[in-house]
Structures are given as structure tokens and as C-alpha cells.
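S.K.: Have a look at this one.
Throughout, read-outs are computed from the coordinates displayed, never taken from laboratory work. Note that this is a predicted model, so its numbers are computed, not measured. We place every Cβ from the backbone using ideal geometry, glycine too, and count neighbours over all the protein chains shown.
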Amino acid sequence: MLVASLVRRTLELKSHRVLRVATEDGRLVVDLARIKRRKLECSGCLARCSGYDQLSQRRWRHVPLWGIPVQLRYRPWRVDCDACGVKVEAIPWSAGKSPIAVPLMVVLATWSRMLAWDTVAKLFGVSWQTVVDAVDAAVAYGRTVESYAGVTHIGIDELSRKKGHVYHTNVYDLTTKRLIWSGEGRGTDTIEAFFTWFGEERSAKLQGVCCDMWAPYVDTVKLRARNAVLVFDKFHIVAHLMRAIDQVRRAEAKALKATYPDLLTGTRYIFLKNPWNLTTNQRIRLAELERFNLKTLRAYLLKELFAKLWDYTSKAWARRFLDRWFWWATHSRLKPLRDFAWMLRRHQEGILAYFDVRIDNGATEAMNNNAKAVSHRARGFRTAKAFTLAQLHCLGKLQLPETAHRFA
């Protein structure tokens, strides 16, 4: 099969033809031209129109052929459209003003979901910036064709982008388990930016929003998503409880250091794990510790009792249980548990909202791990813009442009 035929097939040419194929400076150069008297599509409305005049020559990088770089050259036409006036034609292999042909953009963007960008650049013999441009174009296309109209339940969470408390906020669709928005920071401005992008109409359709008890998230969600039920994520609540348990253990281990220095040594995960996840040795050690009247054991029993909250199906019964647990915790003479109990009381309605809309950020935490894997694969990103682009491309499940080129 001739190179010209390959180009015609991969570009799906209908109103254009391959004028010639030549070798220049170690690359294949393909000159394209309009088929004589063939009407062209208007870039504004896609109506087929007559040619008006021609513009200067443009160049595009195409998919390499057997490792040989391929360049496309074409002088675009302007068309005389009845609806739009004089407009540049819609070039089928071009996305806007990008110097990358659509098939190459799809190839680079597809591999960039699986490999680090510098690795993709080396594989295809292009620069790192070319790969970034391809990913940028792919994300722009995917977010243009995606309406997000069916999003009703979202999860909001932050993750650390790099050392030094540099955070990034990700917003996920909990139904389809995909990333819909990502932005630098975790303050009010960040979450406001999300709702501004999401729009009032789509925000009004939200039925449930799950997040932690971080005040900027809570205040903004209450203001911008008034119809949604705000649910505090149970995994973050349990994480707060685990920290309180560990504080009790560390304080007691310090107090017993003089008399029983090894009593609580190596017991951290015994008290933090679920009972059914304990190893045989950990069960034996826990049974030995039960002979002592330890504050840590009291805290451990309160932790195990608190886990029963999520088993309730009735919000009223869950509220009664939470009230009883609050009394037990505040009378336990354990300051970390008392502080945790009062935190629950301050946020009680958001915690009990779980029994109205049973959503949590379990899937969000899993996707955050995937987000960290994307960052680790690239050995980090220098800028928040590149980090955001990578997150949306790899976790957003965005649609890529249709192309006849097959590369895998």
C-alpha cells in the first residue's frame, strides 16, 4: 500500500486529496489539496459551502510511519457560508490552531494515560511539550462534548500535591466514579471556582455532596448547592476517632514508661485494626492486655462500639445511639475521646445525613490513590496546571476524538 493511501485512510479524507509525498530532512512531507470544486464544511456550523479564497500554508505533525516523522502541509480555504459569513473551513485532521494532527493527538493522549509524558515523548520522537499540547487538546475536546448534566452526587476531597502542605482539591462524580474537576488549593476560593465552573443550573440538580468537615468546603457547599444534602464522610470521621485512640495509647505508654516500659510497645495497630483483621499473634497480645485496667482498652471498646452506628437503617435510631455514645465518651475520663465526642455533637446533622443519602468518599479515597499514582509515575509535576491536566486526563474518563487511525 502506498504512503499516500495510508494518509488518506488515517485522515479519512473526503473533500481533500494527497497532492504529493516527498522526503525532506529525514521526514515524510505530505502535501494536501482540496478536491477541485468540492464543497467544504464551514467551521462555524459545518454546513457545506463554496470556497472563497485561500490562506497561507499550515503544517501539522502526523503519526510517525515506521519511526519516520510525518508532516502534513495544506493551504486552508475560507468558505462563504450563508449562515456564518466568510469563515475558515473545518479541517478534518486539525483541532483548532494546534500544530498536531488529530490522529497524532489521539495516539499521544491515549499512551499518556498509561505512561509518563516524557516516556511517551521518547517513544514517538517528539518533545515533552508536544505531548503536553496533545493532552491539553484531548482534555479540551473531552470537556467540550461532556455536559455533566447527569451528575447528582459528588464527593469533594483534597490531596497533597507536593511537600510543604501544597494541596489540590478534586471533585468526583460518585455515580460514575470519575473526576469532574480539579483545582489548586483547598480554601474557599478553590471550591467557589468549582461551583462557578459547574454553573447554577447543574448545582441546583445536585442531590448529595459528601466531604469532610473542613469549614471552607462546608460553608461553600451550603451556599452554592442549597438543594443538596450535605453528608460528612464516614471515613474521615473514623480517621478522627483513630487519632483519638492513638493519642490515648501514646499518653498511657508514656505514663507507664517507668513501671511497665514494654506493656504497650508495638500495640498501635492492635487497637486501630478491626478485630477480624488481627493476626493470631495480635489476638493473643490483646487477650493478655485485657488483664490490665488500661485506659487504652476503654478507648478501644468505645471505638468498636462506635462502629455499630453505620449498621442502623433508621435515622431516628442512629440519632439515639449517637446520643448514648456521646454520653459514654464524655464520661470516659479520656480527653481525646471527649474532644472527639464534642466534635461529633457540633457536626451531628451532617453525620446523620448519611442515613438520608447513603454516600461516602470511599470511592473518592480510592481515586485519590490513583491520582497520587499518576503523580508518582511522572515523578511529580512542577506546576499545578500540569498536575490538573494529568488528573483530568487520566481520571476524568473523557471521550477522545473519533479517528480512523488504529495504533493498538
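S.K.: Please tell me the relative contact order of the chain in percent, rounded to the nearest whole number, where contacts are Cα pairs under 8 Å and at least six residues apart.
M.R.: Values: 603 pairs, mean separation 63.2, N = 408.
Reported as a whole number, the value is 15 percent.
S.K.: Read phi for every residue in segment 290-298 and hand back ³J(HN,Hα) as whole Hz from Karplus 6.51 cos²θ - 1.76 cosθ + 1.60, θ = phi - 60°, with x for Gly and Pro.
M.R.: After applying 6.51 cos²θ - 1.76 cosθ + 1.60, I find 5, 6, 9, 8, 9, 5, 4, 5, 4 Hz.
S.K.: Please figure out what share of the DSSP beta bridges in segment 1-94 is antiparallel and state it in percent, rounded to the nearest 5.
M.R.: 85 percent
S.K.: Hey, fewest Cβ within 10 Å first, where do 229, 131 land in order?
M.R.: 229, 131
S.K.: Can you put 270, 284 in order of Cβ neighbours within 10 angstrom, beginning with the fewest?
M.R.: Ranked by crowding around the Cβ, least crowded first: 284, 270.
S.K.: Hey, any idea what Rg/Rh is for segment 126-278, computing Rh the Kirkwood way over Cα pairs?
M.R.: Reported Rg/Rh, Kirkwood definition of Rh: 1.14.
S.K.: Normalised by the residues of segment 78-123, what does the relative contact order come to in percent, with Cα pairs under 8 Å and at least six apart?
M.R.: Details: 22 pairs, mean separation 8.2, N = 46.
It rounds to 18 percent for segment 78-123.
S.K.: What is segment 298-408's relative contact order, in percent, from Cα pairs under 8 angstrom and six or more apart in sequence?
M.R.: That works out to 17 percent.
S.K.: Which of the peptides 259-267, 231-239 is most tightly packed, and how do the rest follow, judged by the mean count of other Cβ atoms within 10 Å per residue?
M.R.: Put in order of decreasing packing, that is 231-239, 259-267.
S.K.: For a protection proxy built on the mean count of beta-carbon atoms within 10 angstrom, sort 321-327, 365-371 highest first, please.
M.R.: 365-371, 321-327
S.K.: From the backbone phi of segment 125-132, what are the Karplus-calculated ³J(HN,Hα) couplings (6.51 cos²θ - 1.76 cosθ + 1.60, θ = phi - 60°) in whole Hz, Gly and Pro given as x?
M.R.: x, 10, 7, 4, 5, 4, 5, 4
S.K.: Further, regarding this structure: Grab the Cα-Cα distance for residue 36 and residue 399, subtract it from 0.36 nm times how many residues apart they are, and report the gain in nm with one decimal.
M.R.: 127.3 nm
S.K.: Within segment 15-53, find all residues whose amide N lies under 19 Å from a label point positioned 7 Å from the Cα of residue 59 along Cα-to-beta-carbon.
M.R.: It comes to 19-33, nothing else.
S.K.: Sort out for me the Cα centre separation of segment 298-358 from segment 375-397, rounded to whole Å.
M.R.: 38 Å
S.K.: Still on this model: What FRET efficiency do you get for residue 166 and residue 339 if R0 is 30 Å and r is their Cβ-Cβ distance, rounded to the nearest 0.05? Numbers along the way, then the final one.
M.R.: Numbers: r = 28 Å, r/R0 = 0.94.
About 0.60, to the nearest 0.05.
S.K.: In whole angstrom, and with the biggest value first, how far do the Cα coordinates of segment 1-94 range along each principal axis?
M.R.: 44, 24, 20
S.K.: Which order results if 68, 154 are arranged by neighbouring Cβ count within 10 Å, fewest first?
M.R.: Details: 68 12, 154 27.
Least to most surrounded, the residues fall as 68, 154.
S.K.: Using modelled backbone amide H atoms (1.01 Å from N, in-plane), which distant-in-sequence or interchain residues come within less than 5 Å of residue 174's amide H?
M.R.: Here 153, 154, 155 satisfy the definition.
S.K.: Taking the Cα centre of each part, how many Å lie between segment 76-97 and segment 252-291?
M.R.: Here the two parts' Cα centres lie 73 Å apart.
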